[in-house]
1. Among residues belonging to the stretch 1-40 that are basic (Lys, Arg) and out of contact with any strand residue (DSSP E or B) (no Cβ under 8 Å at 6 or more places or on another chain), point out the one that is farthest from Val51 (Cα to Cα).
2. Which ones in the stretch 38-54 are surrounded by 17 or more Cβ atoms within 10 Å (Cβ to Cβ) and either out of contact with any Gly (no Cβ under 8 Å at 6 or more places or on another chain) or not polar (S, T, N, Q) (or both)?
3. Tell me whether the stretch 43-53 contains one or more residues that are in contact with a helix residue (DSSP H, G or I) (Cβ under 9 Å, 6 or more places away or on another chain), among the basic types (Lys, Arg), modelled with pLDDT of 95 or more and not in a strand (DSSP E or B).
4. Quick check: is even one residue across the stretch 56-67 touching an Asp or Glu at 6+ places or on another chain (Cβ under 8 Å) and assigned to a loop (DSSP other than H, G, I, E, B)?
5. Only one residue in Ser99, Ser64 is on the phi < 0 side of the Ramachandran plot, of a type in the set (Ser, Thr, Tyr) and touching a helix residue (DSSP H, G or I) at 6+ places or on another chain (Cβ under 8 Å), so which one is that?
6. Looking at Leu9, Leu4, Leu29, which is the one that is in a strand (DSSP E or B) and within 22 Å of Glu84 (Cα to Cα)?
7. Among the residues that make up the stretch 13-23, is at least one of them within 22 Å of Glu84 (Cβ to Cβ) and either open to solvent by less than 50 Å² (accessible area, probe 1.4 Å) or assigned to a strand (DSSP E or B) (or both)?
8. Could you list all residues from the stretch 65-90 that are surrounded by 15 or more Cβ atoms within 10 Å (Cβ to Cβ), in contact with a strand residue (DSSP E or B) (Cβ under 9 Å, 6 or more places away or on another chain) and of a type in the set (Gly, Ala, Ser)?
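The values are calculated or read from the model by the stated rules, or taken from the named source; none is laboratory data. All values derive from a computational prediction rather than experimental measurement. Cβ coordinates were reconstructed from backbone atoms using ideal geometry, including for glycine residues, and neighbour counts include every protein chain displayed. Side chains are part of the model used for accessible areas, which takes the heavy atoms of the whole protein and leaves out ligands, DNA and RNA. Shrake-Rupley method; radii C 1.70, N 1.55, O 1.52, S 1.80 Å.
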Amino acid sequence: MKILVSACLLGRKCKYNGGDNFNPAIAALGKEHELIPVCPETAGGLPVPRVPCEIIGGDVIDKSGVSRDREFRRGAEQCLAIAEKEHTDLAILQSRSPSCGVGRIY
């Protein structure tokens, strides 16, 4: 099985603050499955570290008031292209993230 995974969950230092969200249980899935790490924010061209962003009224704005919508959308498109190219079976993405989260996001 091929699993698309938020890179921060696998220990990549790609969060806005230069950190990660390493999850050993998710990393352990790599023993039996192919894990495909992605970070939509860095894929869209945002640096590490970076000013944190929120989705406000459907647009992505950083805490300085600068629109980062274009970078977020570009990163999402690139990650979708990777998922389609790799024929992934599942996606495990970081909750509450403005780029990966569903439901409650910032």
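1. Taking the stretch 1-40 as the starting set, the residues that turn out to be basic (Lys, Arg) are 2, 12-13, 15, 31.
Applying the additional criterion that residues be out of contact with any strand residue (DSSP E or B) (no Cβ under 8 Å at 6 or more places or on another chain) yields 13, 15, 31.
Numbers: Lys13: 15, Lys15: 10, Lys31: 35 Å.
Here the answer is Lys31.
2. Our first condition is that a residue be surrounded by 17 or more Cβ atoms within 10 Å (Cβ to Cβ); within the stretch 38-54, this holds for 38-44, 46, 50, 53.
Correct list: Val38, Cys39, Pro40, Glu41, Ala43, Gly44, Leu46, Arg50, Cys53.
3. yes
4. yes
5. Details: Ser64 fails: touching a helix residue (DSSP H, G or I) at 6+ places or on another chain (Cβ under 8 Å).
When all the criteria are applied, what remains is Ser99.
6. Numbers: Leu9 fails: in a strand (DSSP E or B); Leu29 fails: in a strand (DSSP E or B).
Only one candidate qualifies: Leu4.
7. Step one: filter the stretch 13-23 for residues within 22 Å of Glu84 (Cβ to Cβ), giving 14.
Applying the additional criterion that residues be either open to solvent by less than 50 Å² (accessible area, probe 1.4 Å) or assigned to a strand (DSSP E or B) (or both) yields 14.
Checked against the condition, which is being within 22 Å of Glu84 (Cβ to Cβ) and either open to solvent by less than 50 Å² (accessible area, probe 1.4 Å) or assigned to a strand (DSSP E or B) (or both), the stretch 13-23 yields at least one hit.
8. Gly75, Ala83
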